Amino acid sequence: DGISVELNWQLIGDSTPPASWFAHLLDSSGVIIAQQDRQPSGGYAPVETWSRGQQGTDRLFLPVNGGDYAGWSLRIGWVDSQGERLPVIAPDNTTITDGFILLPLP
């Protein structure tokens with residue numbers, strides 16, 4: 001049992017320092033049930049080597065032990081090499097200063 005996720009990234013600036021992404025599966029209380037934290041493509045495509053407009057895709061599987069997923073969500077964001085969250089740009093071009101997006105599970 002688990003949840004499969006496909007994450008699609010795009011660099012909108014000219015360059016970026018080293019960074020890693022995180023994906024946290026949260027239960028209805030906000031407790032992390034499963035997570036993955038890594039560089040794009042498992043480290044084979046470090047974001048600091050990307051050029052403006054470059055895109056990348058990561059696929060992951062977050063294992064869970066069945067149950068009721070009601071109220072669960074996925075928290076996704078990026079951190080710099082010091083572990084500080086980076087701003088996230090939403091599809092409508094607004095900046096999300098919390099450094100993550102929170103997606104409810106269907």
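Quick look at the numbers
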{"read-out": "Equivalent ellipsoid dimensions for segment 40-83 as semi-axes, Å, which come from the Cα gyration tensor, largest first", "value": "29, 13, 11"}
{"read-out": "Square roots of five times the Cα gyration tensor eigenvalues for the chain, Å", "value": "25, 15, 12"}
{"read-out": "Residue-by-residue Karplus 3J(HN,Hα) for segment 3-20, coefficients 6.51, -1.76, 1.60, Hz, glycine and proline x", "value": "10, 9, 9, 10, 10, 10, 10, 8, 7, 9, x, 7, 7, 8, x, x, 7, 10"}
{"read-out": "Segment 46-63 - phi-based ³J(HN,Hα) in whole Hz, Karplus 6.51/-1.76/1.60, Gly and Pro as x", "value": "x, 4, 5, 8, 6, 10, 3, x, 5, 10, x, 10, 10, 10, 9, 10, 10, x"}
{"read-out": "Additional length obtainable on full extension of the chain from residue 103 to residue 76, 0.36 nm per residue less Cα span", "value": "8.9 nm"}
{"read-out": "Point-to-point label distance, residue 89-residue 22, nm (Cα→Cβ direction, 7 Å offset)", "value": "2.3"}
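The numbers here are math on the coordinates, done by the rules we state, and not lab data. Given the structure is predicted, the values throughout are model-derived calculations rather than measurements. In this analysis, Cβ positions are derived from the backbone assuming ideal geometry, glycine residues included, and neighbour counts consider all displayed protein chains.
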